[in-house]
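K.L.:
What follows is a single structure, and I will ask about it in a moment.
The values are calculated or read from the model by the stated rules, or taken from the named source; none is laboratory data. Predicted, not measured: the structure shown is a model, and the values here were computed from it. Don't worry about glycine lacking a Cβ; one is built from the backbone with ideal geometry, like all the others, and counts go over all protein chains shown. Surface areas here come from the heavy atoms of the whole protein model, side chains and all, with no ligands, DNA or RNA. Shrake-Rupley method; radii C 1.70, N 1.55, O 1.52, S 1.80 Å.
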Amino acid sequence: MRGFESRPAPSLQHYGKAFIMRLPCPQLVFIYKLHYTNKTMDIENRQDIRFKEIGHIVAPDICSIPGIIDDISASGCKVHYPFPVVVELENEYEVKLSPSQNPTENPLNLIVVPQWAKECEGQTQIGFKILYSPDAANLQTFINHLESKLNEENLDLK
């Protein structure tokens, strides 16, 4: 086949509590924890509904420049930085989330632990699990606000 290059298969190596998958392209290194349900990785069946959201995350122990929120749920969030950052999967971090749809002006102060981190094309994506936090009640209020907006949108579509 013209233009087809034969590449070696990716390798999966155990590294502490995380796994590192190295792909043939040197820019792609995925670090993530595997969570199994019925002995297969379960991506779609989450504990809570994920809401697409945009906003800022301030995590001074990760980077002095704010990151960007991609989505959020009552139990976690996905963020990205438009540049490489180093995150330790076993550390807990105190972060401040400022979602764009937050009904209050105050950021959410949360304690999070990274579940996975992925660097690709100069960007870093991080999946955080939210632990018990000082603003847990405010987070739940915000999630309830997003759920009610989603329900209103669904009613408008009917």
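K.L.:
Looking at segment 120-131, which of the residues that are open to solvent by 40 Å² or more (accessible area, probe 1.4 Å) and at pLDDT 95 or above is nearest to Phe51 (Cα to Cα)?
P.N.:
Among residues in segment 120-131 that are open to solvent by 40 Å² or more (accessible area, probe 1.4 Å) and at pLDDT 95 or above, the one nearest to Phe51 (Cα to Cα) is Lys129.
K.L.:
If I ask for residues that are buried (at least 17 other Cβ atoms within 10 Å of the Cβ) and either more than 14 Å from the chain's Cα centre (by Cα) or under 19 Å from Asp135 (Cα atoms) (or both), which ones from segment 67-84 would you list?
P.N.:
The answer is Ile69, Ile72, Ser73, Ala74, Gly76, Cys77, Lys78, Val79.
K.L.:
I'd like the residue in segment 91-104 that is within 16 Å of Glu53 (Cβ to Cβ) and not in a strand (DSSP E or B) and, out of all such residues, is least open to solvent (accessible area, probe 1.4 Å).
P.N.:
This residue is Asn102.
K.L.:
Another question about this same structure. List, please: which pairs have Cβ atoms under 6 Å, are six or more places apart or on different chains, and start with a residue in segment 130-143 that is closer than 14 Å to Thr104 by Cα and end with one that is modelled with pLDDT under 90 and open to solvent by 20 Å² or more (accessible area, probe 1.4 Å)?
P.N.:
Filtered contacts from segment 130-143: Phe142/Asn102.
K.L.:
Specify the residue that is most open to solvent (accessible area, probe 1.4 Å); the eligible residues are those in segment 132-158 that are charged (D, E, K, R) and more than 20 Å from Glu92 (Cβ to Cβ).
P.N.:
Step by step, filter segment 132-158, then rank; the result is Lys158.
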